[in-house]
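What follows is a short report on a single structure.
The values are calculated or read from the model by the stated rules, or taken from the named source; none is laboratory data. All values reported here derive from a predicted model rather than from experimental measurement. Note that we place each Cβ from the backbone using ideal geometry, even for glycine, and neighbour counts take in every protein chain shown.
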Amino acid sequence: MKIFSKILALGLALSLGFALASCAVAQPEEEIEANKATSVEAEKDGGDTGNTKTDDSKVLVMATNAYFPPYEYYEGSEITGIDAEIAKAIAGKLGMELQIEDVEFDSIIAGVQSGKFDMGMAGMTVTEERQMSVNFSDPYATGIQVIIVKEDSAITDIDSLYDGDYLIGVQQGTTGDIYISEDIGDDAVIRYSKGNDAVLALVSGKVDAVVIDNEPAKAYVDANPGLKILETPYTVEDYAICFAKDNEELRDQVNGALKELTEDGTIAAIIEKYIPSNG
Ligand code: GLN
């Protein structure tokens, strides 16, 4: 994606994303790591203890990467957040029980393609390239890629990233990674497996900027004094749920559930709970 097409979307971004205030607080890394070793299932009635897709068609297995507040993050040993709650509501509509698996972000699509997981839901942006591998549901939220820098940084906007000899931290395989690598070049990009690691690299001066989705960005900036988000957004994107190409039936069922949950106000209420529009 070239910068010119992104600029077209900036007005929308300013009116949508930047009007929203974050209530998310990033978890300390030690706590996150401790939690990772524990159960990540959202709900289950005992019996099956497997951690991948089971033959029980009543179980809806969702793959996510639970380091993306407020969409998915750990609260104690449970994965919570906007995606977890929407998925639970979808599972409820379909008469299924939700099971959440926490995996690396860039392994979600392969796991969905192979049938290991029924669906992937991880603040995942719809892109043309991903659409060649998986089917997406209708979009349920808007995401914006933003740039985090140190408060006293010489980087003041996207153009400064092109002009300087800067290193940019990203989460591997995300749209931040894909687009910035395309626009600025691979040599300028340092990839981390978690967004939080990219932010820590910024704090310790290993990179000069981080490109990441706006809501986690707010949580990370709140948790790390001395950082700020540049006012100019980089891209505006749709978040949707992904499914195996050969499982159109589930995609259609989920779209039906999403439609009902949108119409009855459930989706808006879940988003409002985590991203209050009045600050
Ligand atoms: N929205 C970004 C993407 O889809 C990042 C998602 C994430 O890190 N969970 O690539």
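At-a-glance table
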| quantity | calculated |
| --- | --- |
| Answer residue from region 224-272, given it is within 16 Å of the ligand (Cβ to nearest atom) and assigned to a loop (DSSP other than H, G, I, E, B) and is surrounded by the fewest Cβ atoms within 10 Å (Cβ to Cβ) among those | Pro233 |
| Evaluation of Ala188 against (1) away from the ligand (no atom under 12 Å from the Cβ); (2) under 15 Å from the mean Cα position of the chain (by Cα) (one fails), failing number | (2) |
| Those residues of region 62-106 which are of a type in the set (Ser, Thr, Tyr) and under 15 Å from Asp118 (Cα atoms), in sequence order | Thr64 |
| Long-range neighbours under 9 Å by Cβ, at least six apart or interchain, first residue among the aromatic types (Phe, Trp, Tyr) within region 195-223, second modelled with pLDDT of 95 or more and within 11 Å of the ligand (Cβ to nearest atom) | Tyr220/Ala198; Tyr220/Ile212 |
| Single residue of Ile109, Ile79 found to be in a helix (DSSP H, G or I), within 24 Å of Thr174 (Cβ to Cβ), within 16 Å of the ligand (Cβ to nearest atom) and modelled with pLDDT of 95 or more | Ile109 |
| From Asp165, Asp177, residue being more than 12 Å from the ligand (Cβ to nearest atom) and either without any contact (Cβ under 8 Å) to a residue 60 or more places away in the chain or in a helix (DSSP H, G or I) (or both) | Asp165 |
| Residue within region 192-208 that is closer than 22 Å to Val103 by Cβ, of a type outside the set (Phe, Trp, Tyr), within 12 Å of the ligand (Cβ to nearest atom) and in contact with a helix residue (DSSP H, G or I) (Cβ under 7 Å, 6 or more places away or on another chain) present | yes |
| Region 82-100, residues that are touching a residue at least 60 places away in the same chain (Cβ under 8 Å) and assigned to a strand (DSSP E or B) | Ile100 |
| Matching residues, region 136-159, being under 17 Å from the mean Cα position of the chain (by Cα) and either more than 18 Å from Ile178 (Cα to Cα) or within 13 Å of the ligand (Cβ to nearest atom) (or both) | Phe136, Ser137, Asp138, Pro139, Tyr140, Ala141, Thr142, Gly143, Ile144, Gln145, Val146 |
| Condition check for Asp213: within 16 Å of the ligand (Cβ to nearest atom) and at pLDDT 95 or above | yes |
| Qualifying residue in region 52-66 (condition: at pLDDT below 95, more than 16 Å from the ligand (Cβ to nearest atom), hydroxyl-bearing (Ser, Thr, Tyr) and in contact with a helix residue (DSSP H, G or I) (Cβ under 9 Å, 6 or more places away or on another chain)) | yes |
